[in-house]
Amino acid sequence: MKNFIEELKWRGMLAQIMPGTEDLLQKEMVTAYLGTDPTADSLHIGHLCGIMMLRHLQRCGHKPIILVGGATGMIGDPSGKSQERNLLDADTLYHNQECIKAQVAKFLDFESKEDNAAEMVNNYDWMKDFSFLDFARTVGKHITVNYMMAKDSVQQRLNGTARDGLSFTEFTYQLLQGYDFLHLYQAKGCKLQLGGNDQWGNMTTGTELIRRTLGNETEAYALTCPLITKADGKKFGKTESGNIWLDPKRTTPYKFYQFWLNVSDDDAEKYIKIFTSLDKETIDSLIEEHHKDPGYRILQKRLAQEVTILVHSQEDYETAVEASGILFGKGTKESLQKLDDATFLSVFEGVPMYEITKSQLNQPAVELFTQDTDIFPSKGEMRKLVQGGGVSLNKEKMTAFDRIVTADDLINDKYLLVQRGKKNYYLIIVK
């Protein structure tokens, strides 16, 4: 059986670890949990390091629990935040939980007949009937305000620039998260909590609560992964248009694939260890091969392949690869026709777009491309470029500048793709 800590170390996935954790993991099958707040109906790639920790944990023979914070998600965690989160209603939280479960099932084996089958739990199930008086008596008496005030996450909010300070609701968050650990320790024999490094304060509150409640001889530990950044120090997983989501409706598999394909060499070397399940020998070999010819981008290609298949599917990966080739000279009208609307628009995001009506069809291309749109500045220039073989319509070279453009030319009944030279694309959307 693989050593979980050694696996995390060589992958660059270990930040902080409580003394005794490694001994426990070598001694027995350990049940460990990681929490995520269902603040959206999809995880994004910022969550992936934690999910991959659970994946490696299960592969090393231990039992993973993913905790969806239906209760804590109603409050908001001050860790690393400059302001309080919006509170979500129960229906929204339930919907988000079900969506997240479907995504996590691609990483963890919930159906295994072995003892280390993955589980998903929701802390709302044990918090919903917990009265404030019970909470104060059961949890509050064990942890002092001095202890809670000393946490970095609390201090940063109290001493920071946030106008609203720190609400009592958020202040109690570490006690709620600590109680989750205590509950899982008692109900599931869970002895280890995993999380991002910004959670260290909340996690150690949990181990402290267990010891003060059940005695110092109890075995409760915490382990964190680093917060992933890009080589330039910027936040990982964000683009100009926002997060990279796992839900294909929020981020198309094509855009998802493109994100990984376009990371820097340094980031690719780091990310392929963190976000894939490839073994050390394979990754070392890929890195060595990449260094021989960085221009071929072998690391980025393999990284994008592995993560896209894991999160989406083999079919989505193949579609993304085919779509990627369209912009770089490859592709045919048939390959364009195969793309769904979201992928098609993702591929040509940022290219100049024009809208026309169907009544403007059935006229010569030269009229459509110079009068109804300004793809070409003049008829003469278009004529010259067509004669030189420099104009394509839907990836097919135009041989006559005055050919009639009809509804039969439309891709998916609504698009015309004009290409001028090798790299200049224009998209006409027919309403």
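Per-structure values
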quantity: Antiparallel DSSP beta bridges within the chain, percent to nearest 5; calculated: 45
quantity: For the range 86-187, convex hull of alpha carbons as volume per residue, Å³; calculated: 161
quantity: Size of charge dipole - the range 350-431 - debye, nearest 20, with Cβ of Lys, Arg +1 and Asp, Glu -1, no other charges; calculated: 320
quantity: Solvent-accessible ranking of 291, 44, largest area first, probe 1.4 Å; calculated: 291, 44
quantity: Heavy-atom accessible area ranking, 1.4 Å probe, most first, across 168, 135; calculated: 168, 135
quantity: Per residue accessible area in Å² of the chain, where ligands, DNA and RNA are left out and the probe is 1.4 Å; calculated: 48
quantity: Cubic angstrom per residue, convex hull over Cα atoms of the range 153-215; calculated: 84
quantity: Distance between the range 396-426 and the range 86-110 - C-alpha centres, whole angstrom; calculated: 44
quantity: Approximate spin-label separation residue 22-residue 288, in nm, with each point projected 7 Å along Cα-to-Cβ; calculated: 2.6
quantity: Rounded percent of accessible protein surface that carbon and sulfur make up, the chain, 1.4 Å probe; calculated: 48
quantity: Links that overshoot a 20 Å alpha carbon limit, given the list 255/414; 101/249; 358/414; 27/191; 63/101; 101/230; calculated: 255/414; 101/230
quantity: 10 Å Cβ shell holding at most 14 others, DSSP loop, GluC sites (Glu not before Pro): longest site-free stretch of the chain; calculated: 241-348
quantity: Candidates 131, 264, 346: whichever shows maximal mean-square fluctuation once the chain is modelled as a Gaussian network with Cα springs under 10 Å; calculated: 131
quantity: Computed lengthening from residue 402 to residue 357, 0.36 nm per intervening residue step minus Cα-Cα distance; calculated: 14.3 nm
quantity: At R0 = 25 Å, FRET efficiency that the Cβ-Cβ distance of residue 381 and residue 342 yields, to 0.05; calculated: 0.15
quantity: Listed residues 24, 303, 133, most fluctuating in the chain (Gaussian network, C-alpha, under 10 Å); calculated: 133
quantity: Within a Gaussian network of the chain (alpha carbon springs, distance under 10 Å), most fluctuating of 388, 70, 196; calculated: 388
quantity: Low-density loop positions, trypsin sites (Lys or Arg not before Pro), the range 1-76 - DSSP coil, at most 16 other Cβ in 10 Å; calculated: 2
quantity: Probe 1.4 Å - accessible area at residue 266, Å² to nearest ten; calculated: 110
quantity: Rounded to the nearest 10 Å², the accessible area of residue 95 at probe 1.4 Å; calculated: 90
quantity: The range 196-237: relative contact order in percent, alpha carbon pairs under 8 Å with at least 6 residues between; calculated: 43
quantity: Per-pair calculated FRET efficiency, R0 = 22 Å: residue 155 and residue 235 via Cβ, rounded to 0.05; calculated: 0.50
quantity: Accessible area (Å², 1.4 Å probe, nearest 10) - residue 115; calculated: 120
quantity: Cleavage-rule hits, trypsin sites (Lys or Arg not before Pro), the range 136-232, DSSP coil, Cβ neighbours within 10 Å at most 16; calculated: 163, 230
quantity: Solvent-accessible surface ranking, highest first, for 120, 353 at 1.4 angstrom; calculated: 353, 120
quantity: Distance from the range 225-263 to the range 282-312 (C-alpha centre basis), Å; calculated: 17
quantity: Cleavage-rule hits (trypsin sites (Lys or Arg not before Pro)) in the range 303-388: DSSP loop, at most 15 neighbouring Cβ within 10 angstrom; calculated: 330
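The values are calculated or read from the model by the stated rules, or taken from the named source; none is laboratory data. Remember, predicted model here, so these are calculated numbers, not experimental data. Cβ atoms come from the backbone with ideal geometry, glycine included; neighbour counts cover every protein chain shown. For accessibility, only protein heavy atoms count, side chains too; no ligands or nucleic acids. Shrake-Rupley method; radii C 1.70, N 1.55, O 1.52, S 1.80 Å.
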